[in-house]
Amino acid sequence: MGKGRVLVTGGTGYIGSHTAVELMAQGYEVLVVDNLSNSFLETLDGIEQIAGKRPVFEAFDLCDRERFEAFLKVHTNINAIIHFAAYKAVGESVAQPLKYYRNNLVSLMNILELMPLHGVKHLVFSSSCTVYGQPDVLPVDEQAPIKPATSPYGNTKQICEEIIRDTLASGSGLNAISLRYFNPIGAHPSALIGELPIGVPANLVPFITQTAIGLRAQLSVFGNDYNTPDGSNIRDYIHVVDLAKAHVVAVRRMMESKTKSNLEVFNLGTGRGVSVLEMVRTFEKVAGMKLNYKIVGRRPGDAEQVWADTRFANEELGWTAQSTLEETLASAWAWEQYYTSKHPDRH
Ligand code: UD1
C-alpha cells in the first residue's frame, strides 16, 4: 500500500531525482513525469539503483493539458504533486522571456486546474529565494517583502506563488506548501545521481567541479568588490539531499492535516552565508587540489548577499539541514568524477 502516491514533475531533474529517492526510501509510491528538456532518461537508472525500484515514468510536457489529463485518468489516487518541472536559467530567461512565462506558468495552471478534477489535494511548489531579491534584513525570513524580480525567471516564481495563493483563496479545496530554496548543491552520497547541467554551467558549484575535472579551463569569480568580508557574493548553499528530505516532510505534513493554513511558505536553507571565495577554498580543501580561478567583473543581476532565516522551517517542519559544507562539496566532487568516468568523452 505504502504511505501514498506522489507525482514528481521534473523528476529526472536535479532536485526532483533526489526527492524521488527520498520519497521511495520513506515508503511513498513515486510517479515521475518529465519532458526531458533539461534532463536525461539515464537518471531513472540511478534512482532505481539507489531506491531498488524504478518509479513509473512518462515523458511529456505538462503544458500539454490533454496529455496530462490522460495521464491522470490512468494513474489514479495520486495524493500529492511535487512540482519541480520548470525552466530555471536566469540568463536564458532574459533572452527568451516568453519561453519562460509560457512553460512555467502554463504547467502550473494545468496542475491547479486538473488537481481537483482528479482528486489530488496536495501540492508542493518549488519556489526560490530569488523572490526576496537583495533583502534589507539578513538572515531573510518568510515575512520579508517580495522584491521586484530581476529576471523573467525570477518573475515566474513570484507569479506562480501568486497563482497558487489566488487559486487556494478561491476555495478550490487544495492545500499547498511553497518551498523557497536557497542554493541547492551537492549530490546523492552514492554518486549515482547529481546535478547535470547541459552545456556550460551557469551555477557556481558545477562550474567549480567541471573546472577541477578539466572540462572548463578556469572559473570566473564574479566580483570581489561587494560590501562583504572578502568582497565576493554570499549565498546559503544547501545539500540537495537535505532539501529533498524537506519535500517528504512537506508531503507528510499535508497528508496528515498538520498544516496551519491551506498555503504555507518555508525557506529551505542552512542559515549560514558562505562567500564565493570561501566556496573555492573549501572545495580546494576537500578535493585536495588548487582550482584555477580568476576574479572578473560582477555578473549583472546578482544580489550581494542572501542567506536564510530557517527558524520557521526548523520549528514547524521539524526539519534542519544536516550536512556540512565540506560533505556537500565532497559529494558534488564525487559525482563529477563518477559521471565523467562513465562519460569520458563529454564536453
Ligand atoms: C540563481 C538564481 C536562483 C536560481 C538559481 C538556479 C538569482 C538571484 N538567483 O542563483 O533563483 O534558482 O540561480 O539557476 O537569480 N558565481 C561565480 N562564478 C560562476 C558562477 C557563479 O562567481 O561561474 C557566483 C555568482 O556570482 C553568485 C554565486 O556564485 O554569487 C552563486 O551563483 P549561482 O550558482 O549562479 O546561483 P545564484 O545566482 O545565487
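No value in this document is a laboratory result; all are computed from the given coordinates. Bear in mind the structure is a predicted one, so any value in this text is a computation, not a measurement. As a convention, Cβ positions derive from the backbone with ideal geometry for all residues, glycine included, and neighbour counts pool all protein chains shown.
Computed over the alpha carbons of segment 151-198, Rg followed by Dmax gives 15.8, 44 Å.
Shown here is the pair-distance distribution of the chain: with all Cα-Cα distances grouped in 20 Å bins from zero up to the longest one, the shares run 31, 61, 8 percent.
Can you give the charge dipole size of segment 137-231 about its Cα centre, rounded to the nearest 20 debye, using +1 on the beta carbon of Lys and Arg and -1 on the beta carbon of Asp and Glu? List each step's numbers first, then the result.
Values: 5 positive and 8 negative charges, 41 e Å.
With Lys and Arg at +1 and Asp and Glu at -1, about 200 debye.
What's the extension gain from residue 257 to residue 67 if we count 0.36 nm per residue and subtract their Cα-Cα distance?
65.3 nm
Taking a temperature of 4 °C and a viscosity of 1.567 mPa s, what whole-number D in µm²/s does Stokes-Einstein yield for segment 164-280 with Rh from Kirkwood over alpha carbon pairs? Translational diffusion coefficient: 77 µm²/s. Partner aspartates and glutamates whose Cα lies under 12 Å from the Cα of residue 53, excluding those fewer than 8 positions away in the same chain, are identified as 29, 45. Both the radius of gyration and Dmax for segment 1-117 are 14.2, 47 Å, in that order, over alpha-carbon atoms.
Return one number: the angle in degrees, 0 to 90 and rounded to the nearest 10, between the long axis of the Cα atoms of helix 240-255 and the longest principal axis of the Cα atoms of the chain. Its long axis makes an angle of about 20 degrees. With a cut-off of 18 Å on the backbone N, the residues of segment 295-316 near the modelled label site 7 Å out from residue 220 along Cα-Cβ are 295-304. Dividing the Cα radius of gyration of segment 90-227 by its Kirkwood radius returns 1.02 for Rg/Rh. Result for the chain in a Gaussian network model with C-alpha springs under 10 Å: among 333, 319, 307, the largest mean-square fluctuation is at 319.
Its relative contact order, with pairs defined as Cα atoms under 8 Å and 6+ residues apart, puts the chain at 19 percent. Please list, by residue number, every one of the trypsin sites (Lys or Arg not before Pro) in segment 213-262 that is coil in DSSP and has at most 16 other beta-carbon atoms within 10 Å. Here the trypsin sites (Lys or Arg not before Pro) that fit, given the DSSP loop and packing criteria, are 258, 260.
Using the count of nearby Cβ atoms within 10 Å as a rough guide to exposure, how do 320, 19, 328 rank from fewest to most?
On the way: 320 14, 19 29, 328 25.
With the fewest neighbours first, 320, 19, 328 line up as 320, 328, 19.
May I ask you to compute the full-extension gain from residue 37 to residue 278, defined as 0.36 nm times their residue separation minus their alpha-carbon distance, rounded to one decimal in nm?
Length difference between fully extended and current span is 83.5 nm.
Quick one: net charge of residue 182's neighbours, Cβ under 12 Å, K/R +1, D/E -1? All intermediate terms of the calculation are to be shown ahead of the outcome.
Working: positive: 180, 235, 272; negative: 236, 242, 309.
Residues near residue 182 contribute 0 overall.
With 10 angstrom as the radius, rank 338, 153 by how many other C-beta atoms surround their C-beta, starting from the fewest. Intermediate values should be presented prior to the final figure.
Numbers: 338 17, 153 24.
Least crowded to most crowded, the residues run 338, 153.
Note on segment 1-58: along the principal axes its Cα atoms extend 32, 19, 17 Å, ordered by decreasing extent. Kindly express, to the nearest 10 degrees and within the range 0 to 90, the angle between helix 65-74's C-alpha long axis and the longest C-alpha principal axis of the chain. The helix 65-74 is inclined about 60 degrees to the chain.
Distance between the pseudo-spin-label points of residue 98 and residue 56 (7 Å out from Cα toward the beta carbon): 3.6 nm.
Would you kindly state how much longer the chain becomes between residue 146 and residue 326 on full extension, computed as 0.36 nm times their sequence separation minus their alpha carbon distance, in nm to one decimal?
Values: separation 180, 0.36 × 180 = 64.80 nm, distance 3.17 nm.
Gain on extension, residue 146 to residue 326, equals 61.6 nm.
Peptide packing for 91-99, 9-17 was compared via the average number of neighbouring C-beta atoms within 10 Å per residue; ordered from the highest value, the list is 9-17, 91-99. Where does helix 97-117 land angle-wise versus the long Cα axis of the chain, in degrees 0 to 90, nearest 10? Roughly 30 degrees, rounded to the nearest 10.
With the simple spin-label model, which puts each label point 7 Å out from Cα in the Cβ direction, the residue 74 to residue 294 separation comes to 5.3 nm. When only Cα pairs below 8 angstrom with a gap of at least 6 residues are kept, segment 131-259 shows a relative contact order of 20 percent. Annotation: lysines with alpha-carbon distance below 24 angstrom to residue 147 (same-chain offsets under eight excluded): 88, 99, 157.
The base-10 log of I(q)/I(0) for segment 102-183, evaluated at q = 0.22 Å⁻¹, reads -1.05 [Debye formula, identical scatterers on Cα atoms, solvent excluded].
To one decimal place, what Kirkwood hydrodynamic radius in Å is obtained for segment 273-346 from all pairs of distinct Cα atoms?
With all distinct Cα pairs of segment 273-346 included, I get 15.4 Å.
Considering every alpha-carbon pair of segment 189-347, the percent of pairs per 5 Å bin, from zero through the bin containing the longest distance, is 1, 8, 16, 18, 18, 15, 11, 7, 4, 2, 0.
So what is the 222 nm mean residue ellipticity for the chain from helices alone, if each DSSP H run of at least 4 adds -39500 (n - 2.57) and you divide by all residues, rounding to the nearest 500 deg cm²/dmol?
Working: 10 runs with 133 residues, N = 347.
Estimated from H runs of four or more residues: -12000 deg cm²/dmol.
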